[in-house]
Ligand code: SR1
Ligand code: MG
């Protein structure tokens, strides 16, 4: 049967039949339903009690195709089950940063979840130049908790292996393998280039051997390193914020993969915001430098905060369980050395993934508003070239950076390059 998106009457009737949701909405006879999905994959509705609008939920439904493209790109609807399972898992680990799932229907492939009505999509907030004082702290906590507790550093080996198998998400992983690691580096019809983007910048993605090898290494890691349960698509459109709270939404790409993929995704999107601020700040009549400085501070706080919190969780649990990953190690010297190596490797991978994520948003099919909303073609191209140049350095030199401050110094240098240089 052909898929038909739910209309207001369908949803009103359906939700009235779900006791848990009826209790939340109060009177379900009269509901206001608005379709708000601006994401690439699904339909999303805000549903509220027409007489008491504060009683409100979000309904999300997966159609059997990719919404961005339409029925010509079929997709199985099981992605909703991955999303629900991941939201529940992450919610149990980090309830302060994950919206609650009230109801899930595995026949209609829909779920009903907490409405975050006083929150904004982070990408939008960053484009408006809003400062979120707790952002770095919150996101580093989210990353440390989800990535630590779903890994072999915490789980018993058989539990972890079963979790890896239950979370296999081949179809959505294939989208990432293609759109993030493959198509941007070839002459693929799904790529799209902004009108003034210079040819040399595109050619470089196809011809630099060092870059192509680095990307292949990241793709290998993505496909083979099942370290922890990842969100899998942790860009700034998957985060909702206000002054006090931060929530991570939309984990339909969740699977067991390399930890650096999630950390790198957030950093990549902060750096896209950083480079594009040059235009958005000036357009808003302000000196972009202040907000850019705040964006870089967030990147530093997220990496440093994540590394510190992750290592503390690791040490605490190791001493409590007396289970050393390294075996007998009375003074913990080998364990500490292993941790140092672990974090250094994770940092390099984080940078490599961040580089891939930035490049795909410039030349690939799914773009980001902070870049596409720049109406001045030359200004947009200049910012895009800076993003590509920075991303290439992240990938090729990822093992050579000695801490996040060095990376941020590079961002400042690339961001200050004049038109002649780019
Ligand atoms: C074809 S779907 C395009 C992108 O949207 C999602 O948010 C993921 O980033 C995916 O790659
Ligand atoms: Mg999404």
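Report whether or not residue 201 is closer than 28 Å to residue 227 by Cα and either loosely packed, with under 13 Cβ neighbours inside 10 Å or in contact with a helix residue (DSSP H, G or I) (Cβ under 9 Å, 6 or more places away or on another chain) (or both). No, not satisfied. In the set (1) buried (at least 19 other Cβ atoms within 10 Å of the Cβ); (2) farther than 30 Å from residue 279 by Cα; (3) more than 16 Å from ligand 1 (Cβ to nearest atom), the condition left unmet by residue 80 is number (3). The conditions of being over 26 Å from residue 147 (Cα atoms), modelled with pLDDT under 95 and within 16 Å of ligand 1 (Cβ to nearest atom) are not met by residue 6.
The residues in segment 352-369 that are more than 14 Å from the chain's Cα centre (by Cα), within 15 Å of ligand 1 (Cβ to nearest atom) and under 21 Å from residue 410 (Cα atoms) can be counted, and the count is 2.
Residue check: is residue 140 assigned by TED's automatic domain parsing to the domain that holds residue 353, touching a helix residue (DSSP H, G or I) at 6+ places or on another chain (Cβ under 8 Å) and either closer than 28 Å to residue 275 by Cβ or assigned to a helix (DSSP H, G or I) (or both)? Yes: the conditions hold for residue 140. The residue that is nearest to residue 45 (Cα to Cα), counting only those in segment 223-239 that are in contact with a helix residue (DSSP H, G or I) (Cβ under 8 Å, 6 or more places away or on another chain) and surrounded by fewer than 21 Cβ atoms within 10 Å (Cβ to Cβ), is 237. What is the residue count in segment 213-240 for residues that are more than 16 Å from ligand 2 (Cβ to nearest atom) and over 21 Å from residue 395 (Cα atoms)? The number of residues fulfilling the criteria is 2. Considering only residues in segment 163-188 that are without any contact (Cβ under 8 Å) to a residue 40 or more places away in the chain and part of a loop (DSSP other than H, G, I, E, B), the one that is nearest to ligand 2 (Cβ to nearest atom) turns out to be 182.
Of all residues in segment 171-186, those satisfying the criterion of being farther than 13 Å from residue 363 by Cβ and surrounded by fewer than 16 Cβ atoms within 10 Å (Cβ to Cβ) are 171, 174, 177.
The values are calculated or read from the model by the stated rules, or taken from the named source; none is laboratory data. Every value quoted in this text rests on a predicted model; they were computed, and no experiment measured them. As a convention, Cβ positions derive from the backbone with ideal geometry for all residues, glycine included, and neighbour counts pool all protein chains shown.
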